[in-house]
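Report on the structure given below.
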Amino acid sequence: MNFTAPIFEGDYRGNWQIRNERGEIFGTTPTANRPFWVDVRVKAPVVTGTAYDFTANACSAQWTSGAGTLDCPGRNLDRDGYILKQSLARLEDGTSTIAPSLLTVPQNVFNGYIRAVYPSVKIQEGDRFRAIVNCERGATFCGVLFRVDYQLSDGIIRDFWAFGERYEGSYFTVDLDLSPLAGRDVKFVLTVLSLGSASNDRALWVDPRIFRTAPAVTVTPTP
């Protein structure tokens, strides 16, 4: 019987019993009425450091909207769209967190967008893109699509990940395995697209980074 380990770190136990050909359930202990079990311990990979900080390097990226090239940092309430670097993120669930963040606001038109093309970074096996994404607290009519795409030397922007977000009082944690891009020089493309009216779309990328992990350790199964 094959088992799939949960993806989140922690200790897990699955309890099992078997039914014989007469339909009788049996298990362990002298009375054969207790389940047997399998224990699984999931350990997160060891993070060795940040390979790339998207907030710190925000103004090294080329920011655009349907109105053309945008300044970085931008101007709050600019109808052409704007990017602001923040040190305090006001999350949808009513909390705030001290973390480097990007407030990205699409051009204020129907189905507007804002996009950043970052300088290339060489990806290694085990690298992961991590961030929290949500609408900024108070932007109650926010409805956007977050995208992480990439560009190689041929200049073609390729799909990688997308997430639709509406203001519902919770945030989403992004954790993307970049191993399929290992060994390549990659330009990452962060995009926020309005899902209809953009008048209240204030999209937050909280602490977006590429984390570099230690090499995988071979684990010996224990009977």
Can you return the lysines within cross-link range of LYS122? Criterion is Cα-Cα under 18 Å, with same-chain partners fewer than 8 residues away left out. LYS187
For q values of 0.11, 0.15 Å⁻¹, compute log₁₀ I(q)/I(0) with the Debye formula on a Cα-only model of the chain, without solvent. -0.64, -0.97
Footprinting proxy, CYS72, CYS142: sorted fewest to most Cβ within 10 Å, the residues are CYS72, CYS142
Sketch the reach of a paramagnetic label on TRP161 as a point 7 Å from Cα along Cα-to-Cβ, and name the residues of the stretch 179-198 whose backbone nitrogen lies under 15 Å away. 179-182, 188-192
What's the magnitude of the charge dipole for the chain around its Cα centre, counting Lys and Arg as +1 and Asp and Glu as -1 at the beta-carbon? Answer in Debye, nearest 20. 180
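Just so you know, all these numbers are worked out from the coordinates, no wet-lab data involved. Values in this document were obtained by computation on a predicted structure and should not be read as measured data. All Cβ positions, glycine included, derive from the backbone under ideal geometry; neighbour counts span all protein chains shown.
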